[in-house]
Each structure stands twice: as C-alpha cells, then as structure tokens.
Amino acid sequence: MIEVCTGDITRLDVDAIVNAANPSLLGGGGVDGAIHQAAGPQLREFNRGLGGCPTGEARISPGFRLPARHVISTVGPVWHGGEQGEPDLLKNAYRHSLELALDNRVRSIAFPAISTGVYGYPLVPAAEIAISVMRCFESRFDLILACCFSQSVADVYEDALERIADCSE
Ligand code: APR
C-alpha cells in the first residue's frame, strides 16, 4: 500500500526511513540534517566507513537513536533543467532504495520528497517519478509512505497517487 502523510520523517516508527543525502553521506541540511540530528553522531561515524554514495545509488545503515530500524541514504540529482539525465537519476534513487530495502527484509519504508528542496527538482515531476517507481514495488511491501513536510507538498503527492495507478520504471 502507498500512503501520503505530512510531518517529520525522523519521528516515523517504520522499518526504514530514506534520507535525501549528499554523496559524502556525512550529513547536511534539510531532511539530511534532521535525520542526522535525530539519529545521533553514530550515523555519521557509521556512514564514514561507507565511502560515500554516487547519485542515484543507495546505502543502508542502522537507525541508531531514530525510531526507524534503518536509514537508507540515497543521493538524488541536482536539477540542471532536465536535460542532464535528472529524471533517470531520480528514478534510480527511488528504485535502488526500494531494492536495498527488500534485500534487508524491510516491510515498511518512508521517503521524503527527494531532490525537491536544496537540489531544486520541480515538485510535480519529482512526485510523479516517486509514485511511478513506488507503484512498481507496492506489492512487495506492507507500507510505502511518502512523508511530505508540508500540506502543499502532500497535495501534489495525493494528486499524483490518484493519476498514476501503474508501475512505470
Ligand atoms: N521530514 C520530512 N521531509 C523533510 C524534512 C523532515 N524532517 N526536512 C525537510 N524535508 C523535505 C523538504 O521540505 C523537501 O521537500 O525534504 C525534501 C527534500 O529537501 P532537502 O532536504 O533539501 O533534500 P534535497 O533537495 O534532496 O537536497 C539534498 O541538501 O541537505 C542537503 O546534504 C543534503 O546536499 C544534500 C541536499
């Protein structure tokens, strides 16, 4: 089942929350900053041993002080107008996060709106990509949550969820 919710992803009691990280995996602002703040310093120490993460890929770590058991860090693309492979990179970020979750027996997972903040990806196309990839994995999870930080973002996700009923990778 795919659901849209509004709130702070760090407070969700799910098997995994996904972090919109940067390639260093050592923390930053936005949701990255919030997740590292809530998980505590062990997350950064653990991630230091991972050697970074290329755009479109995903890495998994324990949740440490978070209610979530795992953090799946993924790196979305920076928006450069849409002609530099950004859509495929964003699809890969969602797909690799979900595949990594399956490999780790994750049954409930929450995503922020990857790349739509600092990285400047336009919200509507980003939400459409997110929902399209989530549809491809929906049957293999108990719950896939799109955790939006504001009602206006949640409205965009709810609209995409109504319009996009099928998987499209
Ligand atoms: N819970 C859920 N969503 C959140 C939270 C939170 N606590 N904090 C921010 N968000 C939302 C933002 O409002 C936005 O909709 O997460 C979405 C992604 O925005 P960013 O966090 O800016 O992530 P992104 O656009 O992918 O940029 C990643 O920003 O913080 C740095 O280190 C990070 O370099 C990386 C870049």
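The values are calculated or read from the model by the stated rules, or taken from the named source; none is laboratory data. None of the values given here were measured: they were computed from a predicted structure. All Cβ positions, glycine included, derive from the backbone under ideal geometry; neighbour counts span all protein chains shown. Accessible surface areas use protein heavy atoms only, side chains included; no ligands, DNA or RNA. Shrake-Rupley method; radii C 1.70, N 1.55, O 1.52, S 1.80 Å.
Structure data summary
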item	result
Within-15-Å neighbourhood charge of residue 7 [Cβ basis; K, R +1; D, E -1]	-4
Order of exposure, largest accessible area first, which applies to 99, 138, 45 with probe 1.4 Å	45, 99, 138
Radius of gyration, Dmax [the chain; alpha carbons; angstrom]	14.3, 41
Cβ charges +1 (Lys, Arg) and -1 (Asp, Glu), total dipole of the range 1-141, debye	400
Loop sites in the range 72-169: trypsin sites (Lys or Arg not before Pro), DSSP, at most 12 other Cβ within 10 Å	105
The range 1-113, relative contact order in percent, only Cα pairs under 8 angstrom and at least six apart counted	34
Rounded percent of accessible protein surface that carbon and sulfur make up, the chain, 1.4 Å probe	50
Isolated Cys in the chain, by beta carbon distance under 4.7 Å	5, 53, 147, 148
Å² of accessible area per residue within the range 1-69, as computed with a 1.4 Å probe and no ligands counted	46
